[in-house]
């Protein structure tokens with residue numbers, strides 16, 4: 001089954017001009033497979049990455065990340081061109097700065113190009129700026145839009161892609177809120193490593209400790225009842241000042257799956273910095289809330305580690321998970337959830353962009369749900 005998925009991913013990636021697959025696992029001493037897929041003619045990042053507990057999973061991840069980026073770079077919207085004010089009230093976000101890099105940066109009277117998203121769970125489609133969907137970074141951009149890959153996903157089923165994209169949108173919102181709280185954000189979120197009973201996790205902690213890497217796990221509150229974890233990997237002992245680290249985050253309905261995603265991303269981030277092959281490596285920032293994930297705060301004395309209590313959520317299929325997430329977002333006050341297919345109708349690999357107006361990310365703060373009335 002996995003070999004067949006890899007075959008399909010290879011075929012899709014070849015059509016997206018992936019020229020090389022690179023195994024960078026051996027650059028680190030941990031041993032978790034990390035692979036890179038290289039697209040020299042990319043209009044965004046030219047190096048895409050995948051990780052997993054086996055090499056096949058890592059290759060599939062790298063290939064599908066390349067496919068999703070290629071489709072988002074090639075896609076372009078068709079309008080309408082108008083101001084936020086000119087859009088029908090029921091088919092626009094409550095405020096235009098839901099799409100800004102930071103709130104307050106966009107003028108609701110300014111003419112923008114918009115694109116229509118299909119509503120998930122609702123009946124009315126709505127519009128978002130074309131600039132937050134396209135990943136063609138060769139186009140002129142004044143920096144006001146939150147252009148990034150958040151909410152972008154590729155899968156061989158539409159429901160699989162939408163579910164993964166929703167997880168990422170919710171995770172980035174939660175992670176941004178957590179980071180902006182700085183040291184205080186860790187209050188009540190730090191998990192005691194010894195209480196995490198998963199065998200694979202304890203094996204990885206053992207390997208990391210043997211090479212003098214400290215593991216910190218944080219359970220981060222999300223806007224909806226879903227598991228969100230942030231894992232930090234710090235070289236050396238617990239720091240007494242801000243300390244460079246690798247980090248990763250993950251969201252999922254199931255506790256173990258969310259933690260696994262966060263740990264694997266942290267290990268991938270560590271190898272990203274070791275390999276040095278990408279041009280989006282984190283840079284220190286003078287603004288504490290903008291510091292990239294993986295720039296560890298020292299643990300203040302008031303932080304008390306909590307035991308991990310697993311949420312025994314029964315497994316859901318993709319369609320069921322989507323319904324549950326959309327319902328929870330609506331209950332939280334964010335009832336606009338939309339998606340757009342970026343891959344061609346003929347493409348076997350389905351690439352989607354999911355947007356939830358009002359949620360934040362690593363730069364933009366979450367909008368208070370009380371202002372969600374259009």
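The values are calculated or read from the model by the stated rules, or taken from the named source; none is laboratory data. This structure is a prediction, so every number in the text was calculated from the model and none was measured. Every residue, glycine as well, gets a Cβ built from its backbone with ideal geometry; the counts of neighbours run over all protein chains shown.
Worth a mention:
- Residue satisfying condition, being outside the structural domain of residue 353 (by TED's automatic domain parsing) and either in contact with a strand residue (DSSP E or B) (Cβ under 8 Å, 6 or more places away or on another chain) or more than 27 Å from residue 327 (Cβ to Cβ) (or both), within set 130, 102, 116, 68: 68
- Against the numbered list (1) part of a helix (DSSP H, G or I); (2) touching a residue at least 40 places away in the same chain (Cβ under 8 Å); (3) within 22 Å of residue 121 (Cα to Cα), residue 154 comes up short only at (1).
Residues are listed down the side, and each one gets a yes or a no for (1) touching a residue at least 12 places away in the same chain (Cβ under 8 Å); (2) surrounded by fewer than 22 Cβ atoms within 10 Å (Cβ to Cβ); (3) assigned to a helix (DSSP H, G or I):
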residue	(1), (2), (3)
13	yes, no, yes
29	yes, yes, no
48	yes, no, no
61	yes, no, yes
66	yes, no, yes
85	yes, yes, no
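- When restricted to residues that are farther than 19 Å from residue 269 by Cα and without any contact (Cβ under 8 Å) to a residue 24 or more places away in the chain, the range 226-236 contains 0.
- Identity of the residue in the range 296-321, exposed (fewer than 13 other Cβ atoms within 10 Å of the Cβ) and modelled with pLDDT of 90 or more, that ends up farthest from residue 215 (Cα to Cα): 317
Rundown of residues vs (1) within 18 Å of the chain's Cα centre (by Cα); (2) farther than 30 Å from residue 126 by Cβ; (3) at pLDDT below 95, yes/no style:
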| site | (1), (2), (3) |
| --- | --- |
| 16 | no, no, no |
| 29 | no, yes, no |
| 73 | yes, no, no |
| 78 | no, no, yes |
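- One residue stands out among those in the range 198-223 that are part of a helix (DSSP H, G or I) and touching a strand residue (DSSP E or B) at 6+ places or on another chain (Cβ under 9 Å): the one that is farthest from residue 237 (Cα to Cα), which is 201.
- Pick from the range 68-80, criterion outside any loop (DSSP other than H, G, I, E, B) and touching a helix residue (DSSP H, G or I) at 6+ places or on another chain (Cβ under 9 Å), ranking: nearest to residue 138 (Cα to Cα): 70
- Close pairs (6 angstrom Cβ cut-off, 6 or more residues apart or separate chains): more than 19 Å from residue 245 (Cα to Cα) in the range 198-225, in a helix (DSSP H, G or I) anywhere: 198/256; 222/170; 222/174; 223/173; 224/328; 224/329
- Between 42, 57, the distinction of being buried (at least 17 other Cβ atoms within 10 Å of the Cβ) and either touching a residue at least 60 places away in the same chain (Cβ under 8 Å) or part of a loop (DSSP other than H, G, I, E, B) (or both) belongs to 42 only.
- Enumeration of residues in the range 349-374 that are farther than 19 Å from residue 94 by Cα and touching a helix residue (DSSP H, G or I) at 6+ places or on another chain (Cβ under 6 Å): 349, 350, 351, 352, 362
- Residues within the range 167-197 that are modelled with pLDDT under 95, in a helix (DSSP H, G or I) and touching a strand residue (DSSP E or B) at 6+ places or on another chain (Cβ under 7 Å), tallied: 3
- Only one entry in 138, 124 is without any contact (Cβ under 8 Å) to a residue 60 or more places away in the chain and out of contact with any strand residue (DSSP E or B) (no Cβ under 9 Å at 6 or more places or on another chain), namely 124.
- Meets criteria (under 21 Å from residue 333 (Cβ atoms) and out of contact with any helix residue (DSSP H, G or I) (no Cβ under 8 Å at 6 or more places or on another chain)) for residue 98: yes
- Of all residues in the range 324-338, those satisfying the criterion of being in a helix (DSSP H, G or I) and surrounded by fewer than 21 Cβ atoms within 10 Å (Cβ to Cβ) are 324, 327, 328, 330, 331.
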